[in-house]
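Let me begin by presenting the structure, written as structure tokens, before commenting on it.
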Amino acid sequence: MDVTALVFYAAICGLLSLASPRLGRPFMRLAVGAVVGIAAATLLPILRTTFGLG
């Protein structure tokens, strides 16, 4: 597994877990998690190119 991707997604999931209890019902947490996951997957290639990581 790519270390950059592992660290990036670990950071995203860690930040999301801080907000999780405040998001309410399970469906809302699932929806927010899906949106954050899509945003993170879209953002990672841009960041890698910007910072010259691959």
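The values are calculated or read from the model by the stated rules, or taken from the named source; none is laboratory data. Please read these numbers as outputs of a predicted model, since none were measured by experiment. All Cβ positions, glycine included, derive from the backbone under ideal geometry; neighbour counts span all protein chains shown. Accessible surface is based on the protein model in full, side chains and every heavy atom, while ligands, DNA and RNA are left aside. Shrake-Rupley method; radii C 1.70, N 1.55, O 1.52, S 1.80 Å.
Which residue pairs have Cβ atoms under 6 Å apart, sit 6 or more places apart or on different chains, and have a first residue in segment 1-25 that is of a type in the set (Gly, Ala, Ser) and a second that is assigned to a helix (DSSP H, G or I)?
Ser20/Arg29
Residue check, Leu53 against (1) without any contact (Cβ under 8 Å) to a residue 40 or more places away in the chain; (2) in contact with a helix residue (DSSP H, G or I) (Cβ under 6 Å, 6 or more places away or on another chain), all met but one. Which one?
So Leu53 meets the others, but not (1).
Where the second residue is of a type outside the set (A, V, I, L, M, F, W, C) and the first is within 11 Å of Ala5 (Cα to Cα) and lies in segment 37-48, which pairs have Cβ atoms under 6 Å and are six or more apart or on separate chains?
Pairs that qualify, where the first residue is within 11 Å of Ala5 (Cα to Cα) and the partner is of a type outside the set (A, V, I, L, M, F, W, C), are Arg48/Gly54.
Within segment 17-32, can you find the residues that are modelled with pLDDT of 85 or more and within 22 Å of Ala5 (Cβ to Cβ)?
Across segment 17-32, the qualifying residue is only Val32.
Quick one: would you say Ala10 is touching a helix residue (DSSP H, G or I) at 6+ places or on another chain (Cβ under 9 Å), at pLDDT below 90 and either open to solvent by less than 90 Å² (accessible area, probe 1.4 Å) or charged (D, E, K, R) (or both)? It would help to see each step written out before you state the result.
Working: touching a helix residue (DSSP H, G or I) at 6+ places or on another chain (Cβ under 9 Å): no; at pLDDT below 90: yes; either open to solvent by less than 90 Å² (accessible area, probe 1.4 Å) or charged (D, E, K, R) (or both): yes.
Taking the combined requirement at face value, the residue does not satisfy it.
Among the hydroxyl-bearing types (Ser, Thr, Tyr) and over 15 Å from the mean Cα position of the chain (by Cα): which single residue out of Thr4, Thr50 fits that description?
Thr50
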